[in-house]
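Novice: First the structure, then my questions, so here it is.
None of the figures in this text is laboratory data; all of them are computed from the coordinates on show. No experiment lies behind these values; they were computed from the predicted model shown. Heads up, the Cβs are rebuilt from the backbone with ideal geometry, glycines too, and the neighbour counts pull from every protein chain shown.
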């Protein structure tokens, strides 16, 4: 799951349970939809990407920097207290919002495409609710 600063889901993808999440980082960043903005050259990628220690690797950092994204990733084998926890809760809250939908709390569908469809629908409902708050 990739969210913006307020918890609006940008990209959510269903993967196999035994698949490494780190393999999905760059494809998910590339899947962020382009947003129309001001006339000219609007920013089409996020400026920063915050991630926990699990995503710490030099290849990931280089690939993100090549895309013009500043990686803010906690380093492995360092003391806790990177400060990312105060931002990480936003993603956890969005996942919690998704778990309010019964079909996403426990996986009922056998086909991954069907589960992805319900995940996309849940993300759309979360975005709709966030827009209503403004």
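Novice: For the chain, compute Rh as the Kirkwood radius over C-alpha pairs and then the Stokes-Einstein diffusion coefficient at 4 °C and 1.567 mPa s; write the answer in µm²/s, rounded to an integer.
Specialist: 79
Novice: Tell me, in nm to one decimal, what length is gained between residue 48 and residue 5 on full extension, where the rule is 0.36 nm per residue of separation less the Cα-Cα distance?
Specialist: 14.5 nm
Novice: Could I ask something else about it? In nm, to one decimal, how far is the modelled label at residue 67 from the one at residue 103, with both set 7 Å along Cα→Cβ?
Specialist: Placing both labels 7 Å beyond Cα along the Cβ direction yields 2.8 nm.
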